[in-house]
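One structure is given below, encoded as structure tokens.
Any read-out appearing in this document is the output of simple, stated calculations on the displayed coordinates, not a laboratory observation. Since the structure is predicted, the reported quantities are computational estimates derived from the model, not experimental observations. Quick reminder, even Gly has a Cβ in these numbers, built from the backbone with ideal geometry, and neighbours come from all protein chains shown.
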């Protein structure tokens, strides 16, 4: 069954990588914690805050929240394919290409460790 596309995607970013992309205007190419688009093949994203919370708990529990930001991405502005693929019992959006800085419409702080 196809997944309806979301208008926005969410991506947990290491603050230093996002700020570097934003300052230089170069497309963002980090896939996930410590791994690049080239290494992973796609950029991990989430569809909603429930998925973000689960990813934070599973993979970012040892990372200071001050070192992370949540990118809100306009899916229509990415210019690369977005595929919804299974991870566990959920479907997550994966972006198969770099994310233009201009596609990031908001940068949020992340909730603290629970």
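Looking at the stretch 79-103, which of its residues are surrounded by 18 or more Cβ atoms within 10 Å (Cβ to Cβ) and touching a residue at least 40 places away in the same chain (Cβ under 8 Å)? Can you show your working first?
Kept after step one, since they are surrounded by 18 or more Cβ atoms within 10 Å (Cβ to Cβ), are these residues of the stretch 79-103: 82, 92-95, 98-100, 103.
Of everything in the stretch 79-103, those that are surrounded by 18 or more Cβ atoms within 10 Å (Cβ to Cβ) and touching a residue at least 40 places away in the same chain (Cβ under 8 Å) turn out to be 82, 92, 93, 94, 95, 98, 99, 100.
Considering only the stretch 38-53, state which residues are without any contact (Cβ under 8 Å) to a residue 12 or more places away in the chain and closer than 25 Å to residue 89 by Cβ. Give the steps one after another, and end with the answer.
Taking the stretch 38-53 first, the residues without any contact (Cβ under 8 Å) to a residue 12 or more places away in the chain are 38-40, 50.
Residues satisfying the conditions are 40, 50.
Is it true that residue 57 is free of Cβ contacts under 8 Å to residues at least 12 places away in the same chain and farther than 18 Å from residue 6 by Cα? Don't jump to the end; show me each part of the working.
Working: free of Cβ contacts under 8 Å to residues at least 12 places away in the same chain: no; farther than 18 Å from residue 6 by Cα: yes.
For residue 57, the condition - free of Cβ contacts under 8 Å to residues at least 12 places away in the same chain and farther than 18 Å from residue 6 by Cα - is not met.
Condition first: closer than 16 Å to residue 77 by Cα and touching a residue at least 24 places away in the same chain (Cβ under 8 Å). Can you find one or more residues in the stretch 28-37 that meet it?
In the first step, residues of the stretch 28-37 are kept if they are closer than 16 Å to residue 77 by Cα; the result is 28-29.
Now restrict to residues that are touching a residue at least 24 places away in the same chain (Cβ under 8 Å): 28-29.
The answer is yes, given that some residue of the stretch 28-37 is closer than 16 Å to residue 77 by Cα and touching a residue at least 24 places away in the same chain (Cβ under 8 Å).
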